[in-house]
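The values are calculated or read from the model by the stated rules, or taken from the named source; none is laboratory data. Everything quoted here is computed from the prediction, not taken from an experiment. Cβ coordinates were reconstructed from backbone atoms using ideal geometry, including for glycine residues, and neighbour counts include every protein chain displayed. Just so you know, the surface numbers come from the protein's heavy atoms only, side chains and all, with ligands and any DNA or RNA stripped out. Shrake-Rupley method; radii C 1.70, N 1.55, O 1.52, S 1.80 Å.
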Amino acid sequence: MSLTFHWFLPTNGDSRHVVGGGHGTPVTAAGGDRPPTVRYLAQIARAAEDVGFTGVLTPTGAWCEDAWLTTAMVSQHTERLKFLVAFRPGFISPTLAAQMASTYQRQTGGRLLLNVVTGGESHEQRAYGDFLDKDARYARTGEFLKIVRQLWDGKTVDLDGDHLHVEQARLTQLPAPVPEVYFGGSSPAAGRVAARHADVYLTWGEPPAQVAEKIAWIRSLAAEQGRTVRFGIRLHVITRDTSEAAWAEADRLLAGFDPATVRSVQEGLRRSESEGQRRMLELHGGGRDGLEIHPNLWAGIGLVRGGAGTALVGSHAEVADRIREYHALGIDEFVLSGYPHLEEAYWFGEGVLPRLADAGLWTHPAGPVRPGGGTEIPFAGGAR
């Protein structure tokens, strides 16, 4: 199977410094360096499309722009790029969500992927009118996905669940293709939902041994349901022509972390209800020493950013080696990002992807890779 790579749309703003936010923490001042306008996000999307990413992840939460609306607009500036839209199932009805996904597929030519985010922080959920506790939120997500999948199958749905109730729900037009569901979470409740409903289970970038344990856990749960699940990993990336240049960039980012900001962010993240966030915090312990927690795996991003807090750092060859290491564990999809997202998309796309193509692990979605890098991409109407 050819590896699949996705990039990230920074709908909370972009910068040459790390932009924080997520899991209840505010966006740092650097988020205003490059505001998340449709024009700028479309630049990133076109760069990702050209160098060979299959899709782009867009986050969800009070700290960023709405993912549905933003990606719908950006999609009109791209040709084949898919949009991995993060959304929280507790905020809209399952029938409406199924209808929105169906509309999205028709209007974009089938370019929607769904990243289902149950919501890990109760105080943020309450701001949106959701007062369920964490375990109840996961139970509701399970009911939500059961309804949505049945609707996408063309069924008329009646369900009187503990959290959701629909009668004679149906879609007049079905999505084609049915969007794949991406889902992450490290708690027992999250694992049960993933096993029953996810097409792709996503983990944040933990060291390989911990990732292997997660894969075995979800595989076992899915097997109990008579299902198989694919696996993906969410990482930042700093890749350069030499290892020294990559680590110099990591050091530059680290030097820009104001100590007061680090303390404030860490205090906020320690209050998180997310098991995945707790595991991220354990990787760096809030300090600046010992941040390379596995060869070429750097935990520095997590000092100022909630959610995914690790980065692959190294030469293009070293980063390609780490990707092969994760792939050997069972990871087939990589959801990547870097600061700033426009430039880093090119660093990775021009430096790492051709090496993986040469190894027979990746094929450009739009055409073959030329010897020495780059792609032969056919465009309608001639060259551009």
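Before moving on, here are some points about what is shown:
- Accessible area (Å², per residue) of the chain, counting only protein heavy atoms and a probe of 1.4 Å: 41
- Available extension along the chain between ALA29 and ALA255 is 79.8 nm, counting 0.36 nm per residue and deducting the alpha carbon span.
- Shape of segment 1-82, Cα gyration tensor, a/c cut at 1.5: prolate
- Cα-Cα pairs of segment 243-292 separated by more than 15 Å (percent): 55
- Modelled spin-label separation between ARG324 and HIS123, with each label point placed 7 Å from Cα along the Cα-to-Cβ direction: 4.6 nm.
- Each Lys or Arg adds one and each Asp or Glu subtracts one; over the other residues with Cβ under 12 Å from the Cβ of THR239, this totals -4.
- Whether segment 186-299 is rounded, prolate or oblate, judged on the alpha carbon gyration tensor where a/c under 1.5 counts as rounded: oblate
- For segment 17-136: span of alpha carbons on each principal axis (Å, largest first): 42, 38, 19
- Largest first and in whole Å, the equivalent-ellipsoid semi-axes of the chain read 31, 26, 20, each the square root of five times a Cα gyration tensor eigenvalue.
- Think of it as helices only: each DSSP H run of n ≥ 4 in the chain is worth -39500 (n - 2.57), and spread over all residues that comes to -12500 deg cm²/dmol at 222 nm.
- Each other residue within a Cβ distance under 11 Å of LEU81 adds +1 if Lys or Arg and -1 if Asp or Glu, for a net charge of +1.
- Protection proxy ranking, peptides 32-45, 348-361, 248-261, average beta carbon neighbours within 10 Å, highest first: 348-361, 32-45, 248-261
- The chain, accessible surface, carbon-and-sulfur percent (1.4 angstrom probe): 50
- You can think of it this way: the chain between ALA359 and ARG80 has 98.0 nm of extra reach, that is 0.36 nm per residue less the Cα-Cα gap.
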